[in-house]
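Structure first, commentary second.
What follows draws every value from the coordinates through simple rules; no lab data is involved. Values in this document were obtained by computation on a predicted structure and should not be read as measured data. A quick note on method: Cβ atoms are made from the backbone with ideal geometry, for glycine too, and the neighbour counts reach across all protein chains shown.
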């Protein structure tokens with residue numbers, strides 16, 4: 001009978017092997033292979049994105065909680081994709097979720113698309129930019145009214161554009 005430590009080690013080994021096999025197929029572990037209107041090679045993305053933004057947007061990474069200056073952004077305006085400048089969220093849909101990531105309860109119409117993310121033995125809904133496919137974060141059904149949704153976004157995947165005064 002395997003002990004608890006052996007079972008945990010086996011689970012992590014299977015997750016690592018799964019990620020490695022996905023990388024051999026040219027997909028990240030949370031990837032999708034749809035075509036989007038904005039297409040760039042990895043080299044082109046690297047030229048316009050910081051290393052952190054490339055990791056999150058193009059490799060489906062996650063920034064550390066509490067590290068984004070956008071958590072404290074309170075001005076009126078909009079949040080756009082850091083990869084392609086596509087409009088994503090209005091500031092009046094942003095709220096403090098207490099998670100350490102910028103959170104919104106409703107995207108702009110047609111701004112985002114979602115896919116099922118079954119990495120790390122969890123089932124979540126990934127949110128990505130509908131124009132470039134960049135990974136933004138995940139959406140959860142525990143947000144405020146009127147939608148009940150929490151779009152938990154990586155700040156590095158967003159840029160803020162204030163409304164003109």
Viscosity 0.890 mPa s, temperature 25 °C, Stokes-Einstein D of the stretch 31-162 from Kirkwood C-alpha radius, µm²/s: 167 µm²/s
Estimated inter-spin distance, residue 35 and residue 96, nm [label 7 Å along Cα→Cβ]: 4.6 nm
Extended-chain gain in nm, criterion 0.36 nm per residue less alpha-carbon gap, residue 85 and residue 164: 26.7 nm
